[in-house]
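S.K.: Pasting a structure below so you can have a look.
The numbers here are math on the coordinates, done by the rules we state, and not lab data. Quantities reported herein were computed from a predicted structural model and do not represent experimental measurements. As a convention, Cβ positions derive from the backbone with ideal geometry for all residues, glycine included, and neighbour counts pool all protein chains shown.
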Amino acid sequence: MRKDLLKIDLHTHTADDPQELIEHTSHELLDKAHHLGFDAISITNHNGISFDDHLRDYARERGVVLIPGIEKTIQGKHVLIVNAHDDILNARTFNDIRRLRTPFNMVVAPHPYFPDFASLMWLVRKNIDVFDAIEYSWFYHSRINFNAFAVRVAAKYGLPLLCTSDCHHLEKFGAAYSLVDAEKDPDSILEAVKAGRVEVVANPLRLIEFGKHGLGHVADAAVGSIRNLLFGGPR
């Protein structure tokens with residue numbers, strides 16, 4: 001790989017997320033991305049694409065490439081689609097993804113073996129042809145690491161690992177990311193990840209952090225479920 005690798009995070013969330021109560025705005029996330037020296041990020045809110053010309057230009061002015069993305073609910077599970085287009089909003093099944101994806105998208109299995117109802121688990125291998133990469137989650141401890149299963153599956157099927165922050169809280173952004181050997185444009189970045197020219201950058205959490213964030217995740221999931229019941233489920 002080249003020495004001048006790009007610093008990227010292709011799984012983040014902001015206050016525009018229709019299904020999560022998130023405090024930081026897209027602008028605040030982009031400001032922090034600039035401050036931390038990121039070259040590219042994707043805002044991948046749940047079941048909605050948070051991208052427009054203003055945000056793209058705001059990112060560009062700060063030296064950050066903003067790639068449209070979405071964390072889509074597919075057959076009740078989360079699937080990450082980077083460089084997403086509006087047609088993806090209509091996807092409900094893995095066959096829909098097969099039909100709607102293009103060579104310019106990247107489909108990622110996010111936190112696939114995290115113990116959560118939205119995690120893909122066995123559906124990763126059942127639909128392995130759909131995925132271009134497997135996520136290496138920031139959420140792990142040296143003795144409790146659900147990424148171990150992701151590493152094995154990625155190796156078995158020859159897929160790259162993509163490390164992300166899955167940022168729901170701004171202070172966690174920058175703690176985990178990927179380095180990629182690519183030119184600084186969306187097509188080159190995604191092509192490089194798919195080709196495996198990507199490195200994981202993450203450190204295990206301390207046990208107290210692991211427990212704290214685990215409880216926080218449970219609380220966030222509960223709030224999200226209540227919100228969906230009151231205002232409608234995934235679109």
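S.K.: Consider a paramagnetic label point 7 Å from the Cα of Phe117 along Cα→Cβ; state which residues of the stretch 73-91 have an amide N under 15 Å from it.
M.R.: Answer for the stretch 73-91: 73-78.
S.K.: May I ask you to list the GluC sites (Glu not before Pro) in the stretch 7-102 that are in a DSSP loop and have at most 10 other Cβ atoms within 10 Å of their Cβ?
M.R.: Sites meeting the loop and neighbour criteria: Glu23.
S.K.: If I model a spin label as a point 7 Å beyond the Cα along the Cα-Cβ vector, how far apart are those points for Ala15 and Asp86 in nm?
M.R.: 2.6
S.K.: Take every Cα pair under 8 Å in the stretch 135-186 that's 6+ residues apart, average their separations, divide by the length, and report that relative contact order as a whole percent.
M.R.: Relative contact order of the stretch 135-186: 34 percent.
S.K.: Under a point spin-label approximation (7 Å from Cα along Cα-to-Cβ), what is the Arg60-Ala195 distance to one decimal in nm?
M.R.: 2.5
S.K.: Within the stretch 36-51, find all residues whose amide N lies under 20 Å from a label point positioned 7 Å from the Cα of Asp185 along Cα-to-beta-carbon.
M.R.: Once the point is set 7 Å along Cα→Cβ of Asp185, 39-42 turn out to lie under 20 Å by backbone N, inside the stretch 36-51.
S.K.: For Arg98 and Val151 in one chain, what is 0.36 nm times their gap in residues minus the Cα-Cα distance, to one decimal in nm?
M.R.: Extra length from Arg98 to Val151 when fully extended: 16.7 nm.
S.K.: Relative contact order of the stretch 6-231, please, whole-number percent, based on alpha carbon pairs below 8 angstrom and at least 6 residues apart.
M.R.: Rounded, it is 19 percent for the stretch 6-231.
S.K.: How much length would be gained if the chain were fully extended between Ile144 and Glu28, taking 0.36 nm per residue of separation minus their Cα-Cα distance, in nm to one decimal?
M.R.: 38.6 nm
S.K.: Could you give the length gained on full extension between His35 and Asp4, defined as 0.36 nm per residue of separation minus the Cα-Cα distance, in nm?
M.R.: Gain on extension, His35 to Asp4, equals 9.4 nm.
S.K.: Follow-up. If amide hydrogens are placed 1.01 Å from N in the peptide plane, which non-local residues have theirs closer than 5 Å to the one on Asp166?
M.R.: His11
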